[in-house]
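The values are calculated or read from the model by the stated rules, or taken from the named source; none is laboratory data. Note that the coordinates shown come from a computational prediction; the quantities given were computed from them, not determined experimentally. Every residue, glycine as well, gets a Cβ built from its backbone with ideal geometry; the counts of neighbours run over all protein chains shown. Just the protein is used for accessible areas: all its heavy atoms, side chains included, with ligands, DNA and RNA removed. Shrake-Rupley method; radii C 1.70, N 1.55, O 1.52, S 1.80 Å.
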Amino acid sequence: PIDIWLPTTNNVKPQLVDQVAVGYFRNFKNNKYEASAEVFAKDFQNQLDYIDNADIFFNEELEGDLLSGDGRAFGLELYVKKNTGKITGWVSYTLSRSERKVEGISLGNWYANRFDRLHNLSVVGSYELNKKWAFSANFIYSSGTPATFPTNRYEIQGIVVAHNVNQERNNYRIPAYHRLDVSATLTLSLIH
């Protein structure tokens, strides 16, 4: 539910990442258009995650509720932009995965980390009707992020206890996020 930052210690090693990226960028028609494509891969070491049912609030011994493991991320980023003319704007799209593998969590299997979003799309456009009126729109779509929810429950002496039978971390995805913003701008001249 919250991010807690810890310094490295004898028990908490620094988190490391190796990244490889290959991309291509090009302008077209005297810089009227530009486009790029890039693929990337990341390899993480010493990634921290909480044990199941960790006590993270006011815990003076928080290091005891942490486990360390590996991570990986990979994806594709695409971008196209129109720079000049009455209609300008850009479209960017990212297809990616981000996973972790920590012994003691999710039965030691790879699981989506909380920042994993398969799809990210942004579309921005502007239209200049004339010297007075301009219109623009911005659309954003992002896949839902992972979350851990119980898969069933049991009752002991009248107390209901939520339980994750498969012990899977991030076994559910919250709904996708999307938003559309539109605007109209009227520029009035104060000089006659």
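Assorted remarks:
- Qualifying positions in region 122-156 - assigned to a loop (DSSP other than H, G, I, E, B), of a type outside the set (Val, Ile, Thr) and surrounded by fewer than 16 Cβ atoms within 10 Å (Cβ to Cβ): Leu129, Asn130, Lys131, Lys132, Gly144, Phe149, Pro150
- Of the listed requirements (1) under 23 Å from the mean Cα position of the chain (by Cα); (2) in contact (Cβ under 8 Å) with a residue 40 or more places away in the chain; (3) surrounded by fewer than 13 Cβ atoms within 10 Å (Cβ to Cβ), Phe115 misses just one: (2).
- Filter pass, Arg179 being within 27 Å of Ser68 (Cβ to Cβ), touching a Phe, Trp or Tyr at 6+ places or on another chain (Cβ under 9 Å), assigned to a strand (DSSP E or B) and open to solvent by 50 Å² or more (accessible area, probe 1.4 Å): no
- Screening Asn171 with (1) in contact with a Ser or Thr (Cβ under 9 Å, 6 or more places away or on another chain); (2) open to solvent by 40 Å² or more (accessible area, probe 1.4 Å); (3) modelled with pLDDT of 95 or more gives one miss only, at (3).
- Here Phe25 qualifies as free of Cβ contacts under 8 Å to residues at least 40 places away in the same chain, under 22 Å from Thr94 (Cβ atoms) and aromatic (Phe, Trp, Tyr).
- Pairs, first of a type in the set (Val, Ile, Thr) in region 4-15, second in a loop (DSSP other than H, G, I, E, B), C-beta under 7 Å, six or more apart: Ile4/Ile56; Thr8/Pro14; Val12/Leu6
- Of all residues making up region 101-121, the number that are in a strand (DSSP E or B) and within 15 Å of Asp52 (Cα to Cα): 2
- Candidates Leu95, Leu62, Leu78, Leu118, filtered to the one that is at pLDDT below 95 and not small (Gly, Ala, Ser): Leu62
- Exactly one residue out of Asp70, Asp65, Asp49, Asp55 is closer than 28 Å to Gln167 by Cβ and in contact (Cβ under 8 Å) with a residue 60 or more places away in the chain, and it is Asp49.
- Residue count for region 15-35 satisfying the condition of being assigned to a strand (DSSP E or B), open to solvent by less than 100 Å² (accessible area, probe 1.4 Å) and not aliphatic (A, V, I, L, M): 6.
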